[in-house]
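The values are calculated or read from the model by the stated rules, or taken from the named source; none is laboratory data. For clarity, every value in this text was computed on a predicted model and none was experimentally measured. Virtual Cβ from ideal backbone geometry, glycine too; neighbours counted across all protein chains shown.
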Amino acid sequence: MRLFRQFILRRLTTERMRTAVAVGGIALGVAVVLAIRLANQSSVSGFASALDAMSGAASLEIVALLVKDGLQKSDLDIKYVGFQIPPTFVVGYGLDVAERYRNLPDVVEYNGKPE
């Protein structure tokens with residue numbers, strides 16, 4: 001304790017202005033670090049809450065434009081079905097045979113051989 005008083009406390013009491021400036025600088029540095037941490041935390045939590053509000057609850061629903069009768073291998077809960085069709089080969093509206101008939105505006109039954 002004698003060494004603490006001799007080397008530390010004596011300097012603090014003799015150089016009061018220097019001590020006050022050092023303590024003030026440390027306090028200011030701690031305040032700046034805390035302010036930056038609070039600002040970062042609030043901006044991150046604001047971003048997270050905005051993202052949650054925009055995305056909403058996640059759900060998955062199955063939608064099918066065409067469902068061929070009797071060809072389902074598993075029981076799917078299809079939420080929206082466009083059309084029930086017989087189990088025949090169809091082309092048009094993006095469905096094709098050897099990259100042909102894809103641009104037809106309707107879905108039609110294909111009676112020829114697949115090329």
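Mind listing just one residue for me: the one in the range 31-74 that is among the charged types (D, E, K, R) and at pLDDT below 80 and, of those, farthest from residue 108 (Cα to Cα)? Across the range 31-74, the extreme among qualifying residues is 52.
Exactly one residue out of 12, 34 is touching a helix residue (DSSP H, G or I) at 6+ places or on another chain (Cβ under 6 Å) and either in contact (Cβ under 8 Å) with a residue 24 or more places away in the chain or surrounded by 10 or more Cβ atoms within 10 Å (Cβ to Cβ) (or both), and it is 12. Select from the range 45-101 the residues that are hydroxyl-bearing (Ser, Thr, Tyr) and assigned to a helix (DSSP H, G or I) and write down the one among them that is nearest to the chain's Cα centre (by Cα). Once the filter is applied, the top-ranked residue is 55.
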